[in-house]
Amino acid sequence: MITITYEDLFDYPTLYRGHLCGRKSKRDKKPLVQFEMTMLDHISDLHNNIINLKYKPSKYSTFTVKIPKLREIQTQPYDNRVVQHVLCDNVLTPYFTSRTVIDNCACQKGKGMHYALERFERMLQKHIRKYGVTGYFLKCDILKYFPSIPHKRLSQIICAHIADEKIKKLVQDIIDSYHTKASFLDKYNIPYRGEGDLTGRGIPIGNQTSQIFGVFYLDKVDRLIKERLRIKVYSRYMDDFVLLHHDKEYVKYALKEITKVVQYLGLEFNSKTQIIPIKNGITYLGFRFIITPTGKVIRAVKKTTKKRLRWRAKLVKKAYLDGIIPIERVSASLAAFHGHLHYGNCYRFERELKEKLTFKSED
């Protein structure tokens, strides 16, 4: 149980440390510059509003990213980020990440995408040594995970671990500060009970709190798979998860049980959810795991990632030849490609990219 009090959490030193964390890599941004010009006044006003229970999360600004896929990202004024740093860094993140299963791999210190890939492959190889090339993957993906999370259920799950009523109220205010548009939910046939723009669903991509909410919200699914179903080969990265078992009927049973928990959480699976024979391989976190008849595991980058990296290499090459970027930027791009591709069996593809970005002028 989180036992810290509201007043102890939001004191002046903690708010200042929240500001120091929030400004990292953003010191040239206009909102931060304006905040730091009168930093003490801003922190004092923020502290007074919080202690006097006048603080409310501000409205969000929205922008769109197209890579790796189309998403809307929401941002808030800088003082809201300071509050979220205080809340997450001191309370939510250390508490909830310490209660996740080891195979919940997203947005946690010491974990991440490459950790998930390495651990999943080790478990896969162990399965093959025991059962051979026999078994079935269950690959699951939640339909529009962040936009469809119901506020009421999320508040119940998170606030059940918080003792202080004022911190509970702050968490509920943050959750209710954003609502997915009704038109978006209608498009994907996601039910909602709110009125007008207050649909009661969705958490904003871009909030620090959303990361920890997204990590912990499916904890009941993790516990079901690992503790009740006792499935050894399992990995989850936010809403994308995969498991493997040697018995197809047991995998079907697992899917039924998991579906019940997902529906209890107010969510549903999308069309990517399917049962796949192990011999067909599996795509997970941008890599294709190919299992040969002899049981060897080959980790190759998936086709859409190859297409995107070729496109990026083409842009870098054009920018260099047009004199827009120096050769150092080209080298940095090659290093970034290597940093991702060396986690798979991608030697030929990496050599292809290197040849595209090697110029005679370097000789």
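The values are calculated or read from the model by the stated rules, or taken from the named source; none is laboratory data. Since the structure is predicted, the reported quantities are computational estimates derived from the model, not experimental observations. Note that we place each Cβ from the backbone using ideal geometry, even for glycine, and neighbour counts take in every protein chain shown. In case anyone asks, the SASA skips ligands and DNA or RNA and just uses the protein heavy atoms, side chains included. Shrake-Rupley method; radii C 1.70, N 1.55, O 1.52, S 1.80 Å.
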Rough spin-label spacing in nm, given labels placed 7 Å along Cα→Cβ, for E195 and D89: 4.1 nm
Reachable aspartates and glutamates from K26, criterion Cα separation under 13 angstrom, eight or more residues apart if same chain: E36
Indicate, rounded to the nearest 5 percent, the antiparallel portion of the DSSP beta bridges found entirely in region 218-363. 100 percent
Rounded to the nearest 20 debye, dipole of the chain from Cβ charges on Lys, Arg, Asp, Glu: 1920 debye
In whole percent, what relative contact order does the chain give with Cα contacts below 8 Å and a gap of six or more residues? 19 percent
Dipole of region 21-65, positive direction: furthest Cα of N48, Q34, S58, with charges on the beta-carbon: S58
Please state the charge dipole magnitude for region 165-267, taken about the Cα centre, from unit charges on C-beta atoms (+1 on K and R, -1 on D and E), reported in debye and rounded to the nearest 20. 360 debye
In terms of modelled amide H atoms, which long-range or inter-chain residues lie less than 5 Å from the amide H of I162? I2
Can you report the principal axis dimensions of the chain using only the alpha carbons, biggest first, rounded to whole angstrom? 67, 61, 38
Cut-off under 30 Å on the C-alpha distance; same-chain residues fewer than 8 positions from K130 excluded. Which lysines are left, in chain and number order? K111, K139, K220, K226, K232, K248, K252, K256, K272, K279, K296, K302
Positive end of the charge dipole of region 221-283 (Lys, Arg +1 and Asp, Glu -1 on Cβ, about the Cα centre): tell me which of H245, F269, T283 has its Cα farthest that way. H245
Magnitude of the charge dipole, region 1-152, Cβ model with Lys/Arg +1 and Asp/Glu -1, debye to 20: 860 debye
Dipole of the chain, positive end: most advanced residue of H85, A163, Q108 [Cβ charges, Cα centre]: Q108
Under 37 °C and 0.692 mPa s, how fast does region 73-191 diffuse according to Stokes-Einstein, given a Kirkwood radius computed over C-alpha pairs? Answer in µm²/s, whole number. 184 µm²/s
Reduced to Cα centres, the span from region 257-329 to region 46-61 in Å works out to 40 Å
Starting from the amide H of S177, placed 1.01 Å from N in the peptide plane, find each other amide H under 5 Å away whose residue is 5 or more places distant or on another chain. none
Going by average Cβ neighbours within 10 Å, how do the peptides 225-235, 314-324 rank, with the highest at the top? 225-235, 314-324
Share of the chain's accessible area from carbon and sulfur, percent, 1.4 Å? 52 percent
Extended-chain gain in nm, criterion 0.36 nm per residue less alpha-carbon gap, T38 and K318: 96.4 nm
17 Å reach of a label modelled at C21, 7 Å along Cα-to-Cβ, counting backbone N of region 142-167: 167
For a Förster distance of 56 Å, can you work out the FRET efficiency between the beta-carbons of E355 and K109, rounded to the nearest 0.05? 0.90
Please give the net charge around I282, taking every other residue with its beta carbon less than 10 angstrom from that of I282, where Lys and Arg add +1 and Asp and Glu add -1. +2
The chain: DSSP helices with Cα axial extent of at least 20 Å and average Kyte-Doolittle hydropathy no lower than 0.5: 327-341
Residue-normalised value, i.e. accessible area per residue, for region 259-342 at 1.4 Å probe, in Å², stands at 59 Å²
Determine the sum of side-chain charges near Q172: Lys and Arg each +1, Asp and Glu each -1, restricted to other residues whose C-beta is under 13 angstrom from that of Q172. +2
Each label point is 7 Å from the Cα along the Cα-to-Cβ direction; what then is the distance between the points at Q125 and D186, in nm? 5.3 nm
Please list, by residue number, every one of the chymotrypsin sites (Phe, Trp or Tyr not before Pro) in region 69-159 that is coil in DSSP and has at most 12 other beta-carbon atoms within 10 Å. none
Among H179, H161, H342: highest mean-square fluctuation, GNM of the chain, C-alpha pairs under 10 Å: H342
Of all DSSP beta bridges having both residues in the chain, the percent classed as antiparallel (nearest 5) is 90 percent
The set of residues whose placed amide H lies less than 5 Å from the amide H of R288, leaving out same-chain residues fewer than 5 positions away, is A300, V301, K302
